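The values are calculated or read from the model by the stated rules, or taken from the named source; none is laboratory data. Keep in mind it's a predicted model, so treat the numbers as computed, not measured. Cβ placement follows ideal geometry from the backbone for every residue including glycine, while neighbour counts extend to all protein chains displayed.
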Amino acid sequence: MISRTRPPGRTRLRTLTISGTAAIVAALVVSLLPNLAQAAETTLGAAAAQSGRYFGAAVAANKLSDSAYTTILNREFNAVTPENEMKIDATEPQQNNFTFSNADRIVNHALSRGWKVRGHTLAWYSQQPGWMQSMEGTALRNAMLNHINRVAGYYRGKIYSWDVVNEAFEDGNSGARRNSNLQRTGNDWIEAAFRAADAADPDAKLCYNDYNTDNWTWAKTQAVYNMVRDFKSRGVPIDCVGFQSHFNPNSPYNSNYRTTLSSFAALGVDVQITELDIEGSGTTQANTYRNVVNDCLAVARCNGLTVWGVRDCDSWRSSGTPLLFECNGTKKAAYTATLEALNSTGPGPTPTPTTPTPTPTTPPGSASEIVGAQSGRCIDVPNASRTNGTRVQLYDCNRQTNQSWTYTSGKQLQVYGSMCLDAAGSGNGAAVQIYSCHSQTNQQWNINSNGTITGVQSGRCLDVWSTTNGAQVQLYDCNGQANQQFRLASLT
Ligand code: XIL
């Protein structure tokens, strides 16, 4: 903000010094002061708006009649997310019987004040109404599509961004999809949900939203990243990724968060911090809030932040005092740090990201050789065998069909068109072989931007124990060493 107010000041000073008396200069300095002082905004929403971002809160409809609550909400925020009122159990309590009254109270409160609304959420394994919980298969797939069509259709034109799908991936090292009734309708349920949402509300930004996806090195983060990259490469209508960012000792903030945000943004999606809360207190908590805000500000496509509640006692995790206001409404140190960080950008364009983004790996669909970083040799099917169970090895690269692998959108590494790279087990030392392709997770692989290839079922890395011709390929715990680094080099 200072750089914008200064240049006119400097020009005027130069002209005036010719006749300048100390009094004139002093008067001028005084006249400039209010400009400088004005630049620091005094509320979260206004401070975020200086760089074109929003600052939102999760809101509970039943609290809109609490004036202590709405005083803070109306003063500080310019976006809302209904905390529970748009979930499936709230909007479709009986099949095909839709109720929007509580969600409408929040939406109307926001829209009448010119705020943004984040819709949360259209497809999720949790908070399903009873009738949906007991559904499977085609009936469930159709019920999900109908729900999306009806709810997103009802709010068409009013929602800034929709969390179309929430929490579809497993925690831990597997990088797998979360097992749920929705997942069991078929792996394409997520893209089906996005296509339905796009048809129902073409102008809303359509987001995938999840937690434990903040740390760039976590398998879950990489799994979501690979899905988004795949969606973008195939034209599935996804516009943004929501990072819930519930930080606590089990899922702490990590300084690679900025890399996570900028890496996703580099795929061509917006990123939003959607459910921020940081357990703790005092300076430590304040500094983490500051870091999170600065990370968002550093990424041009990070277009807003939402905290998951207003005061600590509004929080779903109130014992962790994770929010910006005390229960009595007092601003916490975390509030001050957040406001200061938002004000630090001032008006004007957002700086371009400074963090390096990982080099995207080969997009799905084209044939590549898989080259070991340590050996320079390729993953090879010995003797061009087509027998199920033939174990793969390293061999001098030769560009032949027995070294030609196609990474599919289903995460398979196909060879000869019909056979797949297959893990014969999931433990350390499990053989990696070829086998007729099927849809199970022992034939699914994540090609990670850190150069490893991990099995979806095992979470373990492709590994070789030597660099020579004939060295066998196995699964092993990822160790960050060069014998687990591979590069897909396009053969086309
Ligand atoms: C939480 C709400 O805050 C609670 O009131 C409710 O009991 C459970 O859900 N991830 C999400 C949110 O996407 O919908 C969850 O909200 C918190 C975790």
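Structure data summary
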{"quantity": "Residue selected from region 268-279 under the condition buried (at least 19 other Cβ atoms within 10 Å of the Cβ) and part of a loop (DSSP other than H, G, I, E, B), by the criterion farthest from the ligand (Cβ to nearest atom)", "calculated": "269"}
{"quantity": "Odd one out for residue 293 among (1) in contact with a Ser or Thr (Cβ under 7 Å, 6 or more places away or on another chain); (2) without any contact (Cβ under 8 Å) to a residue 40 or more places away in the chain", "calculated": "(2)"}
{"quantity": "Yes/no for residue 223 being closer than 22 Å to residue 152 by Cα, part of a helix (DSSP H, G or I), out of contact with any His (no Cβ under 6 Å at 6 or more places or on another chain) and more than 16 Å from the ligand (Cβ to nearest atom)", "calculated": "no"}
{"quantity": "Subset of region 70-91 [in a loop (DSSP other than H, G, I, E, B) and away from the ligand (no atom under 16 Å from the Cβ)]", "calculated": "77, 78"}
{"quantity": "Qualifying residue in region 181-190 (condition: away from the ligand (no atom under 16 Å from the Cβ), assigned to a helix (DSSP H, G or I) and in contact with a strand residue (DSSP E or B) (Cβ under 7 Å, 6 or more places away or on another chain))", "calculated": "yes"}
{"quantity": "Of the criteria (1) on the phi > 0 side of the Ramachandran plot; (2) touching a strand residue (DSSP E or B) at 6+ places or on another chain (Cβ under 7 Å), which one residue 127 fails", "calculated": "(2)"}
{"quantity": "Residue selected from region 460-485 under the condition over 19 Å from residue 441 (Cβ atoms) and not in a loop (DSSP other than H, G, I, E, B), by the criterion farthest from the chain's Cα centre (by Cα)", "calculated": "472"}
{"quantity": "Evaluation of residue 211 against (1) touching a strand residue (DSSP E or B) at 6+ places or on another chain (Cβ under 6 Å); (2) buried (at least 20 other Cβ atoms within 10 Å of the Cβ) (one fails), failing number", "calculated": "(2)"}
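Conditions tested, residue by residue: (1) modelled with pLDDT under 95; (2) away from the ligand (no atom under 16 Å from the Cβ).
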residue: 244; (1), (2): no, no
residue: 258; (1), (2): no, yes
residue: 313; (1), (2): no, no
residue: 356; (1), (2): yes, yes
